[in-house]
Amino acid sequence: MVTKSGGKEFHGGVYEYFRNQVLDANTWLRNRQGDPREARRFNQFGYVISGPVSIPGKWNRDRKTLFFLWAQEWVRFRQELTAIVTVPSPAMRRGDFSELLNPANPFFRRVQTVNDPTTARPFSNNAIPADRLSPTGLALLRVFPDPTPGFLLGTANYFLTRPQPEDQRKDTIALDFLPAANHTFRFRHQNFSSRFVRWSSDRVGRRGAPAARRRPGRRRRIRPPRRRRWRDRWAGRRRECSPGRG
């Protein structure tokens with residue numbers, strides 16, 4: 001990436017790029033479910049200022065020696081993510097896997113038997129007796145959400161929409177020092193940070209299908225190391241080094 005340099009004149013500008021659900025089309029999957037377009041807002045905005053560095057009447061009066069550029073940019077991304085997964089059916093939660101005896105079952109597309117570990121033979125009607133059910137196994141099944149009523153896409157029977165916001169900030173500073181016509185010093189510093197929220201969900205219930213009770217997960221902040229770059233040029237020969245990151 002090449003960072004723009006400042007010039008002899010002062011310049012500045014502001015900008016914003018945006019997208020939202022009014023401008024975007026709905027997805028095929030949400031149209032199939034009869035759901036409206038996802039709540040999505042993307043705003044990328046910032047400003048940039050550049051020009052000469054001088055002391056009027058004392059130093060760099062001709063504005064040819066030192067130049068700067070300062071820019072900042074922010075991103076505010078508010079979106080809803082759609083996920084489709086396969087979860088156990090209500091009968092499976094009770095230990096009844098008889099639906100897997102149907103060769104056309106949506107889970108395997110073939111007969112799948114559940115065997116008794118003590119005899120290595122299938123359970124009667126592919127159903128585990130109630131007194132043989134493991135409390136730990138039943139608790140594990142309760143972790144999965146219920147299937148979305150009326151939804152089946154391949155083997156997927158659960159449909160979920162959840163928000164996932166993200167914020168970004170970018171800072172850029174550039175300095176160019178030209179003490180002579182054939183000697184140039186350049187300094188660049190860039191900083192980037194990002195924050196986003198992960199969500200988890202458990203039960204289905206919103207508007208009948210699909211609906212979910214949501215709870216926010218841990219907010220995470222990513223701050224990669226700052227980048228600095230120093231470059232000088234003397235009589236057409238260039239040298240470049242990285243003073244370090246941190």
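Taken together, the values in this text are just the output of simple stated rules run on the coordinates, not laboratory data. For clarity, every value in this text was computed on a predicted model and none was experimentally measured. Heads up, the Cβs are rebuilt from the backbone with ideal geometry, glycines too, and the neighbour counts pull from every protein chain shown.
Here are a few things to note about the model shown:
- Charge dipole magnitude, Cβ of K and R +1, D and E -1 - region 88-144, Cα centre, debye nearest 20: 140 debye
- Label-point separation, R142 to A130 (7 Å along Cα→Cβ), nm: 1.6 nm
- Net lengthening on full extension, R32/T184 (0.36 nm per residue, minus Cα-Cα): 48.6 nm
- The Rg/Rh ratio of region 28-185, with both radii computed over alpha carbons and Rh defined as the Kirkwood radius, is 1.43.
- The trypsin sites (Lys or Arg not before Pro) found in region 85-143 that occupy coil by DSSP, while having at most 12 further C-beta atoms within 10 Å, are R109, R110.
- Spread of Cα-to-Cα distances over 5 Å intervals beginning at zero, given as percent, for region 88-144: 4, 20, 26, 26, 17, 7, 0
- GluC sites (Glu not before Pro) restricted to region 1-92 and DSSP loop, no more than 14 other C-beta within 10 Å: E9
- Reachable lysines from K170, criterion Cα separation under 20 angstrom, eight or more residues apart if same chain: K4
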